[in-house]
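Below is one structure; the comments refer to it alone.
Any read-out appearing in this document is the output of simple, stated calculations on the displayed coordinates, not a laboratory observation. Predicted model, so just to flag it, every value in this text is computed and none were measured. FYI the Cβ positions are ideal-geometry reconstructions off the backbone, even for glycines, and counts take in every protein chain you see.
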Amino acid sequence: MGSAGFIGVFDSGVGGISVLKSLAAELPHERFCYFGDSANAPYGDRDAQDVLALSRNIVTRQLDEGAKAIVIACNTATSAAAAALRDEYPDLPIIGVEPALKPAVLAFPRGRILVMATATTLALDKFHRLEERWASQAEVVPIACVGLVDLIEKGDLSSPEIHALVEHYVGRYRGTVDGVVLGCTHYPFVKQVIRDVLGDVALFDGGLGTARQLRTVLTARGLLADDDAPGGVTFSSSKDTAEELALYQWFYQQQA
Ligand code: DGL
């Protein structure tokens with residue numbers, strides 16, 4: 001494949017676009033093909049085997065289409081599928097995301113850190129190991145935000161429903177929190193709502209870390225695009241309508 005292939009990026013829907021923005025900013029000469037599985041969103045209420053099967057289909061297709069590397073821009077799919085897919089495709093660089101608990105704890109030792117994520121991410125071993133690693137250095141409070149992804153997928157990011165749901169899950173911590181880990185790639189799109197509910201707290205997401213990791217892996221494997229390559233981003237979705245693709249483009253223009 002060499003340096004000429006594209007980078008396949010996927011998520012259950014629009015959330016991974018928050019990661020894609022960091023990827024494209026960090027690596028402007030790469031071609032990114034983003035796939036959102038909006039027809040099957042949310043992944044975060046599905047069991048791990050189901051998420052693995054959906055992820056496998058996407059990776060197989062992106063590889064057939066010419067991907068030189070894959071970014072799983074989804075915490076849930078990374079937890080459920082990254083290890084198995086790396087075993088199945090040992091030569092394919094597969095970069096995942098994980099809740100940015102480490103930088104949050106290092107920023108606020110002995111502080112209180114909320115981890116907002118999907119129910120499946122928080123239920124799987126990958127998160128349990130991460131929590132175990134850091135929980136002695138800070139108070140870690142995992143919060144499964146069931147329903148939030150469904151509302152974000154609709155694209156009305158300042159809706160009263162989103163505000164009410166964020167209030168429901170984290171409002172009780174107002175004034176008592178140091179940092180919030182956005183452990184689902186959809187949540188950076190509602191940073192402002194989270195700040196409206198919790199006040200001026202530090203928010204941590206994995207976008208930049210993932211982009212740097214991708215650069216490191218591409219460099220190590222000699223897969224970086226040439227400096228004069230034009231780069232770019234294209235979108236596709238399992239909900240294959242003009243409206244859905246316009247929504248993806250709209251999300252790509254939003255702050256995350
Ligand atoms: N954006 C994904 C994540 O980071 C998946 C959310 C979902 O589909 O439930 O977990």
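List of remarks:
- Surrounding net charge for V105, when Lys and Arg each add one and Asp and Glu each subtract one, Cβ distance under 14 Å: -1
- Computed over the Cα atoms of the range 134-205, pair by distinct pair, the Kirkwood hydrodynamic radius stands at 12.6 angstrom.
- If R0 equals 41 Å, the separation of the Cβ atoms of R86 and S158 corresponds to a calculated FRET efficiency of about 0.60.
- Segment R215-E243, length gained on full extension (0.36 nm per residue, minus Cα span): 6.8 nm
- With all projection directions averaged, the alpha carbon convex hull of the range 60-113 covers 4.7 nm².
- Peptide packing: for 28-34, 249-255, the average count of neighbouring Cβ atoms within 10 Å per residue gives the ranking 28-34, 249-255, highest mean first.
- For the chain, lysine pairs with C-alpha atoms less than 28 angstrom apart, excluding pairs fewer than eight positions apart on the same chain, total 14.
- All other residues whose Cβ lies under 13 angstrom from that of A246 are scored, Lys and Arg at +1 and Asp and Glu at -1, for a net of -2.
- Peptides 77-89, 171-183, 220-232 ranked from most to least packed give 77-89, 171-183, 220-232, packing being the mean of other C-beta atoms within 10 angstrom over each peptide's residues.
- Cα-based helix-to-principal-axis angle, 17-26 vs the chain, degrees rounded to 10: 60 degrees
- Distance-filtered residues of the range 8-41 - backbone nitrogen under 14 Å, label point 7 angstrom along S236 Cα→Cβ: 8-11, 32-38
- Computed with the Debye formula from one identical point scatterer per Cα of the chain, without solvent, the log10 of I(q)/I(0) at q = 0.09 Å⁻¹ comes to -0.37.
- Computed extension length for R172-E132: 12.0 nm, one decimal, from 0.36 nm per residue of separation with the Cα-Cα distance subtracted.
- Taking every Cα-Cα distance in the range 4-48 and sorting them into 5 Å bins from zero, the calculated P(r) comes out as 6, 21, 27, 20, 13, 8, 4, 1 percent.
- Our coupling estimate for the range 205-217, obtained by passing each phi through the Karplus curve with A = 6.51, B = -1.76, C = 1.60 and θ = phi - 60°, is 10, x, x, 5, x, 5, 5, 5, 5, 4, 4, 4, 5 Hz, Gly and Pro reported as x.
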